[in-house]
1. When the Cα centres of the stretch 100-125 and the stretch 81-95 are compared, how far apart do they sit, in Å?
2. Shape of the stretch 46-88 from its Cα gyration tensor (a ≥ b ≥ c, root eigenvalues): rounded if a/c is under 1.5, otherwise prolate when a/b > b/c, or oblate?
3. Go through the stretch 27-36 residue by residue and turn each phi into a ³J(HN,Hα) via Karplus (6.51, -1.76, 1.60, θ = phi - 60°); whole Hz please, and just put x for glycine and proline.
4. Rounded to two decimals, what ratio of Rg to Rh does the stretch 49-123 give with C-alpha atoms and a Kirkwood Rh?
5. Would you tell me the accessible area of L129, worked out with a 1.4 angstrom probe on the heavy atoms of the protein chains, in Å² to the nearest 10?
6. At 1.4 Å probe radius, can you tell me the per residue accessible area of the chain in Å²?
7. Would you work out the relative contact order for the stretch 45-137, in percent, from Cα pairs under 8 angstrom that are 6 or more residues apart?
8. Give a quick list of GluC sites (Glu not before Pro) in the stretch 2-91 that DSSP marks as loop, anything other than H, G, I, E or B, with at most 14 other Cβ atoms within 10 Å.
Amino acid sequence: RTEGELTAVHASPRDPIWEYVVSAEVARANLAEFSTRICLFGHTHYPVLYAATDAEVTRVATAPGTRMALPAGRFLLNPGSVGQPRDGNPDSSYTVLDLDAADVEFRRVSYDIGRTQQLMHERHLPTWLAERLSHGR
């Protein structure tokens, strides 16, 4: 979906359902697939920001709780995952993107993983999905 200065996709602009944006090279390959300044994506469950400057795309270092100015040019932003994080941190991940203030903050919040796992088992969800919550992988 494209609206104003945002494009939002599940996986990538090039393949909205399946492609994993896991490197600056993959991010660069997707720049031609959206015309807005910002592309929000997910699928990897990994919080990350890729900033484009001229012909180069770089991965911008992010840390939970740190507010940073938005890149001047175009960028791709993955807020992470409230459920099933995959970056080794089991806490829920989300991002506050403030276009008026021109900044972004990656955030984490802990939750009762044991209770969530219990509920997943009660609903007969795959055991491996419940187990991975403990490790954020």
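1. What the calculation gives is 7 Å, centre to centre.
2. prolate
3. Those phi angles translate into 4, 4, 5, 8, 4, 6, 8, 9, 10, 7 Hz.
4. Ratio value, two decimals: 1.10.
5. 40
6. Computed with neighbouring chains in place, this is 55 Å² per residue.
7. Computed over the stretch 45-137, the figure is 29 percent.
8. Sparse-neighbourhood loop GluC sites (Glu not before Pro): E5.
The values are calculated or read from the model by the stated rules, or taken from the named source; none is laboratory data. Keep in mind that what you see is a predicted model, and the values were worked out from it rather than measured. Using ideal geometry, Cβ is built from the backbone for each residue, glycine included, and neighbour counts are taken over all protein chains shown. Only protein heavy atoms, including side chains, enter the accessible area calculation; ligands, DNA and RNA are left aside. Shrake-Rupley method; radii C 1.70, N 1.55, O 1.52, S 1.80 Å.
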